[in-house]
């Protein structure tokens with residue numbers, strides 16, 4: 001499979017993951033019953049996209065995921081797009097400076113995105129709320145939700161990297177590591 | 001990828017978001033419903049899986065367990081029939097008294113059962129998705145309840161699903177009354193945003209009201225959305241506000257909104 005079609009598979013993987021992540025956030029109530037907080041996998045997905053894909057994939061994914069999230073929420077339509085895009089964009093712009101293969105770097109980025117995306121959404125909601133809906137009431141509950149959301153983001157990014165690697169390994173041959181010996185030092189055997 | 005394309009992408013998203021946020025409410029609401037339709041196959045699949053799981057669970061119990069369940073159901077049925085007989089007597093008496101005093105007759109609630117298929121993915125709202133929509137006659141602002149008490153009201157209506165705003169969300173204020181003292185107020189979200197989502201505030205109560213923990217709070221019937229006498233919750237504690245001019249009670253909701261799976265939509 002060529003590099004172009006592999007890129008297509010990876011973009012498709014991201015789109016399906018975003019679709020499922022929004023649905024899981026709506027449908028899975030057991031985590032909400034257990035912790036009182038609903039997990040949100042989209043910031044983690046944006047970090048993964050920012051570390052592995054190009055800026056246009058990050059753009060398309062943030063628009064699709066943000067609008068899908070808002071379509072099932074009371075949020076003003078489109079308000080989640082910008083925070084998700086910023087999460088992915090900031091990671092993408094600094095892609096070369098980040099130790100992207102290290103799990104702790106992935107965890108830290110996930111925590112930051114999981115914490116900052118909801119905060120930015122809340123700021124935008126209060127700015128663009130209009131007169132139709134009342135603003136959310138913030139308090140200690142929100143601090144708890146914010147903490148658990150950040151942790152979820154941190155845990156989700158390394159898991160997404162593993163899932164992404166599994167998808168990739170299904171479509172490309174494993175790269176065989178180079179021989180450590182120089183070619184001219186290799187022992188040649190032949191029949192006398 | 002060049003630096004320029006990074007900033008072009010930033011500009012594209014910024015302009016797109018400004019356009020979407022600037023759309024009229026009716027258009028963005030329609031777009032929301034259209035995009036939400038993308039999830040219908042997943043909701044359907046999840047519903048079928050749940051149905052299959054419940055079917056399997058009915059196959060697994062032993063004969064003894066089934067016999068026990070049957071006996072229990074028979075006993076409950078007897079009790080409910082007895083209560084219904086009493087209730088019908090009281091209902092007839094009530095209608096006669098209303099006729100004799102010239103009051104309008106009360107009609108029994110017309111309701112439709114709906115399955116809860118999802119909840120708000122954002123943590124700061126308290127909404128539910130149900131599997132009834134405009135094809136089932138659902139309209140915005142219809143009250144939603146369970147046998148235990150009030151859940152909320154319908155907000156957005158799609159063809160085959162609707163969004164319900166639950167009590168405790170800032171967008172669902174309920175005119176309420178303490179049943180024992182007849183003091184009226186409005187149920188609003190807890191002002192301190194406490195960790196427990198089951199607690200809401202009953203505000204705008206008179207400062208002299210003799211409220212006690214455990215008293216029942218029901219809908220007052222004031223306003224046009226919620227009919228009278230649907231249980232909302234019970235008073236947890238009371239505090240005085242505005243130098244004793246008003247009182248505010250914390251109310252523990254009767255319905256656990258995190259656990260409900262089925263609700264009734266009340267038709268006018």
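Among A:133, B:130, which comes first, second and so on when ranked by fewest other beta-carbon atoms within 10 Å?
Values: A:133 18, B:130 24.
Ranking A:133, B:130 by Cβ neighbours within 10 Å, fewest first, gives A:133, B:130.
So, R0 is 51 Å and r is the distance between the beta-carbons of residue B:88 and residue B:115; what FRET efficiency does that work out to, to 0.05? Display every interim value, and only then the final one.
Numbers: r = 30 Å, r/R0 = 0.58.
FRET efficiency, residue B:88 to residue B:115: 0.95.
Test of understanding: ordering A:59, A:80 by Cβ neighbours within 10 Å, fewest first, what list do you get?
Working: A:59 24, A:80 31.
If I rank by nearby Cβ atoms, fewest first, I get A:59, A:80.
Given a Förster radius of 41 Å and the C-beta distance between residue B:2 and residue B:26 as r, what FRET efficiency does 1/(1 + (r/R0)^6) yield to the nearest 0.05?
Values: r = 41 Å, r/R0 = 0.99.
For residue B:2 and residue B:26, the calculated efficiency is 0.50.
For the ranges A:97-104, A:155-162, what's the packing order if you count other beta-carbon atoms within 10 Å of each residue, average per peptide, and put the highest first? Could the numbers behind the result be given before it?
On the way: A:97-104: 11.8, A:155-162: 19.6.
Taking the mean over residues of other Cβ atoms within 10 Å, the ranking is A:155-162, A:97-104.
Can you tell me the 0 to 90 degree angle between the C-alpha axis of helix B:63-100 and the longest principal axis of chain B, rounded to 10?
For helix B:63-100, the angle is close to 70 degrees.
What list do you get for B:142, B:109 if you sort them by fewest beta carbons within 10 Å? Please list the in-between numbers first.
Working: B:142 21, B:109 13.
With the fewest neighbours first, B:142, B:109 line up as B:109, B:142.
Give me the extension gain from residue B:70 to residue B:204: residue separation times 0.36 nm, minus the current Cα-Cα distance, reported in nm with one decimal. Please report the intermediate quantities before stating the final value.
Working: separation 134, 0.36 × 134 = 48.24 nm, distance 4.81 nm.
The residue B:70-residue B:204 span can extend by a further 43.4 nm.
Give me the number: length gained by fully extending residue A:169 to residue A:144, i.e. 0.36 nm times residue separation minus the C-alpha to C-alpha distance, one decimal in nm. Provide the component values of the computation, followed by the final result.
On the way: separation 25, 0.36 × 25 = 9.00 nm, distance 3.80 nm.
So the chain would gain 5.2 nm between residue A:169 and residue A:144.
Rounded to whole Å, give me the distance from the Cα center of region B:206-268 to that of region A:51-96.
40
Residue B:256 versus residue A:12, label points 7 Å from Cα toward the beta carbon: distance in nm?
The two pseudo-label positions are separated by 4.3 nm.
Helix-only estimate, please: 222 nm mean residue ellipticity of chain B, summing -39500 (n - 2.57) across DSSP H runs of length 4 or more and dividing by its residues, to the nearest 500. The partial results should precede the final answer.
Numbers: 4 runs with 89 residues, N = 268.
Mean residue ellipticity at 222 nm (helix-derived): -11500 deg cm²/dmol.
Let me have the relative contact order for chain B, percent, based on Cα pairs under 8 Å that are six or more residues apart.
On the way: 430 pairs, mean separation 40.6, N = 268.
So the answer I get is 15 percent.
For the Cα atoms of chain B, what angle does the longest principal axis make with the long axis of helix B:3-21, in degrees from 0 to 90, nearest 10?
It is inclined by approximately 30 degrees.
Give, in whole angstrom and from largest to smallest, the semi-axes √(5λ) of the equivalent ellipsoid of chain B, with λ running over the eigenvalues of the Cα gyration tensor. Please list the in-between numbers first.
Numbers: eigenvalues 288, 178, 78 Å².
Equivalent ellipsoid semi-axes, largest first: 38, 30, 20 Å.
Can you tell me the Rg and the Dmax, both Å, for the Cα atoms in region B:61-100?
Cα only, region B:61-100: 17.1, 56 Å (Rg, Dmax).
Relative contact order for chain A using alpha-carbon pairs under 8 Å, separation at least 6, rounded to a whole percent? List each step's numbers first, then the result.
Details: 212 pairs, mean separation 48.0, N = 192.
Computed value for chain A: 25 percent relative contact order.
On a 0 to 90° scale, report how tilted helix B:25-36 is relative to the longest principal axis of chain B, with both axes built from alpha carbons and the result rounded to the nearest 10.
That helix lies at roughly 90 degrees to the long axis.
Is region B:96-241 rounded, prolate or oblate when judged by the Cα gyration tensor, a ≥ b ≥ c being the square roots of its eigenvalues, rounded requiring a/c under 1.5 and prolate requiring a/b larger than b/c? If you can, show how the numbers build up before the last one.
Numbers: a/c = 2.45, a/b = 1.14, b/c = 2.14.
Oblate.
Tell me, how many Å apart are the Cα centres for region B:10-29 and for region B:120-142?
23
How crowded by other chains is B:194-205, given as the mean number of beta carbons from other chains within 10 Å of each beta carbon?
Details: counts 5, 9, 3, 3, 0, 0, 0, 1, 0, 0, 0, 0.
The shielding value for this peptide is 2.
Counting only DSSP beta bridges with both residues in the protein assembly as shown, what percent are antiparallel, rounded to the nearest 5?
Expressed as a percentage, antiparallel bridges in the protein assembly as shown total about 100.
Give the Debye-formula value of log10 I(q)/I(0) at each listed q (0.07, 0.08 Å⁻¹), with one equal scatterer per alpha carbon of the protein assembly as shown, two decimals each.
Calculated log10 I(q)/I(0) at the listed q: -0.47, -0.59.
For residue A:35 and residue A:176, what does the FRET efficiency come to when R0 = 41 Å and r is the distance between their Cβ atoms, rounded to the nearest 0.05? Working shown, then result.
On the way: r = 45 Å, r/R0 = 1.10.
Efficiency, rounded to the nearest 0.05: 0.35.
Taking the Cα-to-Cβ direction at residue B:12 and at residue B:240 and moving 7 Å from each Cα, how far apart do the two end points lie in nm?
Once both label points are built, they end up 6.4 nm from each other.
Computed over the Cα atoms of region B:7-57, what is the ratio Rg over Rh, Rh following Kirkwood?
Dividing the radius of gyration by the Kirkwood radius yields 1.32.
State, to one decimal in nm, how far the label point of residue B:192 lies from the label point of residue B:54, with both points 7 Å from Cα in the Cβ direction.
In this crude label model, residue B:192 to residue B:54 measures out at 3.9 nm.
Output the relative contact order of region B:135-268, whole-number percent, from Cα pairs under 8 angstrom with separation of 6+ residues.
On the way: 322 pairs, mean separation 33.5, N = 134.
Over region B:135-268, the number comes to 25 percent.
Quick note: the coordinates plus some simple rules give every number you see, no bench work behind them. Given the structure is predicted, the values throughout are model-derived calculations rather than measurements. As a convention, Cβ positions derive from the backbone with ideal geometry for all residues, glycine included, and neighbour counts pool all protein chains shown.
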